[in-house]
Amino acid sequence: MTAPPAGAPTSSYIEAAKHLAPRVAELANEIESQRRLLPELVESFRSAGFFHLPVPKSAGGLQLDPVTAAMVVEEISAGDGSAGWCVMIGQQNAAFSGFFAPERAREVWGDGQIACGTARPIGRAVKQGKNFVVNGRWPFASGSSHADWFAAECMLFDGDEPLRDSDGNHLSRMLMVPRSEVTIYDTWHTTGLRGTASNDFGVKGAVVPADRGF
């Protein structure tokens, strides 16, 4: 299934999700046993645009309203909760694209790329010119099995000194790291939402441009 054509009514995306929900239900047991969103569904959801509904038009996205996005999640969740959760997380991370310059947003979310991550500033990013050197490990990265980019939230440093704002608060930043520079740790063994692949991920020494973050 491909995304509805440009200018199609927002209901087209909801109808597309309803159309896919029975297949999602057929695969629910397999999603549970494999503890991840199956590649068939990743590609179906990607092609339909479900992961990218919030991406601004300036970055080549669909820029649909949050109610439509939520209703797409609802329809997919009727087939399988883990699948719906993965679509929701993909959308949530795609919404970060609004904080990026359009060219950076296209770098991360263009060509159907998917982002996951953790909104928890427990990593460490050390200033290096216009870049940051990122190190850390984060839990609960839902969609880790199929994500192309990972949102790694860090506290910022200049050497060993914390970077602070004008009020003296220690600054944090969400920095996007490509999958090639991420290690996935197989930690997600649960009794619920097993198919979300909400594993830990780690980054060691990745150099990330400051403007590939917010």
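The values are calculated or read from the model by the stated rules, or taken from the named source; none is laboratory data. In this text, all values refer to a predicted model and were calculated from it rather than measured experimentally. Note: ideal-geometry Cβ built from the backbone for every residue, glycine included; neighbour counts use all protein chains shown. What goes into the accessible areas is simple: the full protein's heavy atoms, side chains included, and nothing from ligands, DNA or RNA. Shrake-Rupley method; radii C 1.70, N 1.55, O 1.52, S 1.80 Å.
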- Query: Say we look at the stretch 142-157 and pick out the residues that are open to solvent by less than 30 Å² (accessible area, probe 1.4 Å) and hydroxyl-bearing (Ser, Thr, Tyr); which of these is nearest to THR196 (Cα to Cα)?
  - Reply: SER142
- So ARG194 fits all but one of (1) over 24 Å from PHE100 (Cα atoms); (2) out of contact with any helix residue (DSSP H, G or I) (no Cβ under 8 Å at 6 or more places or on another chain); (3) of a type in the set (D, E, K, R); what number is the exception? (2)
- Message: If ILE76 meets every condition in (1) among the β-branched types (Val, Ile, Thr); (2) out of contact with any helix residue (DSSP H, G or I) (no Cβ under 6 Å at 6 or more places or on another chain); (3) in contact (Cβ under 8 Å) with a residue 12 or more places away in the chain apart from one, which number is that one?
- Response: (2)
- Message: I need every pair where a residue in the stretch 8-30 that is surrounded by 14 or more Cβ atoms within 10 Å (Cβ to Cβ) has its Cβ under 6 Å from the Cβ of a residue that is acidic (Asp, Glu), sequence separation at least 6 or different chains.
- Response: ALA17/GLU75; LYS18/GLU75; ALA21/GLU75; VAL24/ASP80; ALA28/ASP80
- Query: Looking at the stretch 41-69, which of its residues are in a helix (DSSP H, G or I), open to solvent by 20 Å² or more (accessible area, probe 1.4 Å), touching a residue at least 12 places away in the same chain (Cβ under 8 Å) and more than 18 Å from VAL108 (Cβ to Cβ)?
  - Reply: SER44, SER47, PRO66
- Among the candidates GLU107, GLU103, which residue alone is buried (at least 16 other Cβ atoms within 10 Å of the Cβ), at pLDDT 95 or above and under 29 Å from GLN63 (Cβ atoms)? GLU107
- Message: Within the stretch 108-214, considering only strands (runs of 3 or more DSSP E) that don't extend past its boundaries, which have at least 2 residues that are of a type in the set (A, V, I, L, M, F, W, C) and touching a residue at least 60 places away in the same chain (Cβ under 8 Å)?
- Response: 115-128, 131-141, 172-178, 199-209
- Query: Would it be correct to say that SER97 is more than 14 Å from the chain's Cα centre (by Cα) and either crowded, with 23+ Cβ neighbours inside 10 Å or part of a helix (DSSP H, G or I) (or both)?
  - Reply: no
- Item | Hits in the stretch 127-141 - residues which are open to solvent by less than 40 Å² (accessible area, probe 1.4 Å) and in contact with an Asp or Glu (Cβ under 9 Å, 6 or more places away or on another chain) | VAL134, GLY136, TRP138, PRO139, ALA141
- Note on the structure: Condition set buried (at least 22 other Cβ atoms within 10 Å of the Cβ) and among the hydrophobic types (A, V, I, L, M, F, W, C), scope the stretch 111-126, selection nearest to PRO39 (Cα to Cα): answer is ILE114
- Message: Condition first: at pLDDT 95 or above and open to solvent by 40 Å² or more (accessible area, probe 1.4 Å). Now tell me which residues in the stretch 181-204 satisfy that.
- Response: GLU181, THR183, ILE184, TYR185, ASP186, THR187, TRP188, HIS189, LEU193, ARG194, LYS204
